[in-house]
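Each reported figure results from applying straightforward, stated rules to the coordinates on display, with no laboratory input. Everything numeric here is computed off the predicted structure, so don't read it as measured data. Glycine gets a Cβ as well: all are built from the backbone with ideal geometry, and neighbour counts include every protein chain shown.
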Amino acid sequence: MEKTDYLKDLGKCVLCGSCKAFCPTYDEEGTEAMGARGRLALLRGLSAGQLSPTPLLNDRIFSCLLCEACSDLCPSGVDIMEDIYKGRSLLKQSDRKRRLLRILTKLFIRNPALSFRISHILQNILFPYLSKKRFVPANFRLPDSPFRNGHSVYKVMKKKGRVAVFTGCSTNFLYPHLATSLVNILLKSGYEVIVPSGEVCCGAPLRALGLEDEAKELAKKNMRIFGRLKVEAVLSPCPTCILTIKKEYPKMIGSGIKNATDVISFLLEKLEILQLSLLGKRFPTAAYHDPCHLLYGLGVKNQARELLNKIGVSVIEKEGNGCCGFGGPFSLSFREISGNLLQKQAERYLATGADAVVTACPGCMMQLSKAIKDMPVFHIVELIEEAYCGSDEV
Ligand code: SF4
Ligand code: SF4
C-alpha cells in the first residue's frame, strides 16, 4: 500500500469502536490500544509524525493476532488488516524485541530442509525446552521426514477431477500425516492430486513480522508454481495458507491463486455421503474449534459442523467465541496473553464433555494440544480419512 493510500485509509476511521466487538486481545486486556481502533489511532499518530516508535507502541501494533475478527465489522470500510501489516513493515527497523524472531524465521524459510534436519538431530534437547516454555505440546516429536518429496502426482483409475495440494510449512514439517490424510481422501473420491515441487512458505509469518518485501518474494514464487497448474482447486490443511495465497497475494503482488479453496468447503461439496461411517461409535460427540482465518477470513463456519455430522459425529458447541491464542509469531512474542487465551478456550472445550476436540488448522491443533490433555485433539481431515477411507487408526 502506498503512503497516500495508507493515510487515506487510516483517515476513514470514525472511531465508532465496532471493530472491538470480537477482538481477543481487547477482550483479554481491556485497554484501548489492545483493540483495532486504538491500534489504528497509534498508526495515524505515527504516520502524521505526532508519535515515534517506542517498545510499548511497537508491542501494541505487534500484539494484534491478525485473526481478522474485526475485518468485516468496519462501517467505514477501513482495511484494518492491511493497515496493521503496513504499520508493522514501517516499524520493523525500530522493533528490537522481535529482531531475533525475524532472523530465525528468515533462516528457517530460506533453508527449510536444513533447518528441519538440524531440529531433528537436536530434538531431544530442543523440544523438552520448547515444551517447558509452552511453545509446543508436551512430548512433541518431529516426524521422521517432511511430507513433500519433490514433484509428486498421485494418480487414480477413474479420474473425477484434478487438484493440487499446497502443503504449508506446519503441515509439511510438523504434521505431515495431515497432508497424507488429505491426499488419501482425495484419491478415494477420484481426484488426481498434484503436489508440485518448489512450494515455499506462503509468507504469512514474514508478513506478520513486518517483512513485507521478503513475503512478496515468496508470494511471487508460489504464484509461478501454483498459478499455472491446470487444476480444479488448490487445497491445504492450513486455512492461513489458503487465506494468504487467495486473498492476501492480490494485495501484496497484484494477483492471487484464485482457485485456492478451503478443505472443508471442498470436501463438503465433493464427497459422497459418509453417514455409514463407524467413526461416530468411537467419537459420538466433538467440540469444534473454529480457526480464526477459516471463520473470519474465509467465512467457513456451518460447513465444518455439517461435515462432522455427515461422518456421524455430533457437534457440541462450547460457550462463547474465541481464538486459541496461537497467531503464529504472536504466541512466541506474547506468551502470557497467548497462554491466557488458550487456557480460557481449553476450559470451555473441557466443559462440553465432548469425546474429542476437532479443528481445521495445524496451528490451532498444536496450540490446543498444549492445554487439552484429557481429550484427543484432531484436525478434521484425520477424522474424515478414518470415516471415508476406513483407516484403522485415528
Ligand atoms: S485482527 Fe484480531 S486481534 Fe487484531 S485488532 Fe482485529 S480482532 Fe483484534
Ligand atoms: S470499526 Fe472502522 S470506523 Fe469504527 S473504530 Fe473500527 S476502524 Fe474505526
Open item on the list: Considering all alpha-carbon pairs of the range 281-339, what whole percent are spaced by more than 16 angstrom?
Closed with: 55
Task: Top positive-direction residue, dipole computed over the chain with Cβ charges, set ASN111, SER145, PHE283 - done: ASN111
Open item on the list: For a quick check: with amide H placed at 1.01 Å from N, whose amide H comes under 5 Å from VAL315's, ignoring anything fewer than 5 positions away on the same chain?
Closed with: ALA286
Open item on the list: Given a 10 angstrom Cα cut-off, can you work out which residue in GLY17, GLY210, GLY322 is the most mobile in a GNM of the chain?
Closed with: GLY17
TODO: Give the long-range amide H neighbours of VAL358: residues separated by 5 or more places, or on another chain, with amide H under 5 Å away, using H modelled in the peptide plane at 1.01 Å from N.
DONE: ALA287, TYR288, HIS289, PHE378
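Roughly speaking, what is the stretch gain from ASN321 to ASN111, that is 0.36 nm per residue apart minus the C-alpha to C-alpha distance, in nm to one decimal? The partial results should precede the final answer.
Numbers: separation 210, 0.36 × 210 = 75.60 nm, distance 3.74 nm.
Taking ASN321 through ASN111 to full extension adds about 71.9 nm, to one decimal.
Sort SER152, SER89 so the one with the fewest other Cβ atoms within 10 Å of its own Cβ comes first. Could the numbers behind the result be given before it?
Numbers: SER152 14, SER89 17.
Ascending number of Cβ neighbours within 10 Å: SER152, SER89.
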- [ ] Pick out, in residue order, every one of the trypsin sites (Lys or Arg not before Pro) in the range 180-241 that is DSSP loop and has at most 15 other C-beta atoms within 10 Å; say none if there are none.
- [x] ARG228, LYS230
Open item on the list: List the lysines whose Cα sits under 21 Å from the Cα of LYS12, skipping any in the same chain fewer than 8 residues away.
Closed with: LYS3, LYS20, LYS86, LYS251
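For the range 147-195, what Kirkwood radius comes out of the mean inverse Cα-Cα distance, in Å? Intermediate values should be presented prior to the final figure.
On the way: mean 1/r = 0.0919 Å⁻¹.
Taking every pair of different Cα atoms in the range 147-195, averaging 1/r and inverting gives 10.9 Å.
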Open item on the list: Could you identify which residue out of GLU248, GLU217, GLU382 has the top mean-square fluctuation in a GNM of the chain using Cα springs shorter than 10 Å?
Closed with: GLU217
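With charges only on Cβ, +1 for K and R and -1 for D and E, what is the dipole size of the range 17-72 about its Cα centre, in debye, rounded to 20? Don't skip to the answer; put the middle values down first.
Details: 5 positive and 7 negative charges, 55 e Å.
About 260 debye.
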Task: Estimated 222 nm signal from helices in the chain, with DSSP H stretches of n ≥ 4 weighted -39500 (n - 2.57), rounded to 500 - done: -13500 deg cm²/dmol
Open item on the list: Please arrange ILE253, ILE121, ILE245, ILE109 by how many other C-beta atoms lie within 10 Å of their C-beta, fewest to most.
Closed with: ILE121, ILE253, ILE109, ILE245
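Which FRET efficiency, nearest 0.05, do LEU104 and MET157 yield, Cβ-Cβ r, R0 45 Å?
Approximately 0.50, to the nearest 0.05.
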- [ ] Compute the distribution of all C-alpha to C-alpha distances in the range 215-360, in bins of 5 Å from 0, and list the percent of pairs in each, rounded to whole numbers.
- [x] 2, 9, 15, 17, 18, 15, 12, 8, 4, 0
- [ ] Measure up LYS188/LYS221; LYS160/LYS370; LYS188/LYS310; LYS133/LYS281 against 28 Å on the Cα-Cα distance and list the ones that go over.
- [x] LYS188/LYS221; LYS160/LYS370; LYS133/LYS281
- [ ] Can you spot the lysines whose alpha carbon is less than 17 Å from LYS97's alpha carbon? Ignore those fewer than 8 places along the same chain.
- [x] LYS106
TODO: Give the residue from PRO205, ILE253, PRO362 lying farthest towards the positive end of the charge dipole for the chain; charges sit on Cβ (+1 for Lys and Arg, -1 for Asp and Glu) and the dipole is referred to the Cα centre.
DONE: ILE253
TODO: Work out the length of the dipole vector of the chain about its Cα centre, built from +1 on the beta-carbon of each Lys and Arg and -1 on the beta-carbon of each Asp and Glu, and round it to the nearest 20 debye.
DONE: 1120
Task: Cα-projected label distance for ARG134 with SER76, points at 7 Å along beta-carbon direction, nm - done: 3.6
TODO: Between LEU7 and ARG224, with labels modelled 7 Å along Cα→Cβ, what's the label distance in nm to one decimal, could you check?
DONE: 3.7
Open item on the list: Report the gain in length on full extension from ILE118 to SER18: 0.36 nm times residue separation, minus Cα-Cα distance, nm rounded to one decimal.
Closed with: 31.4 nm
Open item on the list: Would you calculate the convex hull of the Cα atoms in the chain and tell me its volume per residue in Å³?
Closed with: 133
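Using Cβ contacts closer than 10 Å as the measure, can you line up ILE225, ILE118, ILE242 from fewest to most?
Working: ILE225 17, ILE118 13, ILE242 28.
If I rank by nearby Cβ atoms, fewest first, I get ILE118, ILE225, ILE242.
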Task: Check: the range 320-393 dipole with +1 on Lys, Arg Cβ and -1 on Asp, Glu Cβ, in debye - done: 520
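Could you work out the relative contact order of the range 273-389? I mean the mean sequence separation of Cα pairs under 8 Å and 6+ apart, divided by the number of residues, in percent.
Values: 171 pairs, mean separation 37.6, N = 117.
Once divided by the residue count of the range 273-389, the mean separation gives 32 percent.
Sort 164-174, 326-336, 93-103 for me by packing, meaning the mean count of neighbouring Cβ atoms within 10 Å per residue, highest on top. Walk me through the numbers on the way to the answer.
Working: 164-174: 24.3, 326-336: 19.8, 93-103: 14.0.
Put in order of decreasing packing, that is 164-174, 326-336, 93-103.
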TODO: Please name whichever of PRO53, ALA36, SER71 sits farthest to the positive end of the charge dipole of the range 3-91, dipole taken about the Cα centre and charges placed at Cβ: Lys and Arg +1, Asp and Glu -1.
DONE: PRO53
- [ ] Using only C-alpha positions, report the orientation-averaged shadow area of the convex hull of the range 3-91, nm², one decimal.
- [x] 5.0
Open item on the list: If a paramagnetic tag sat 7 Å from the Cα of GLU306 along the Cα-Cβ line, which residues of the range 131-165 would have the backbone N under 14 Å from that point?
Closed with: none
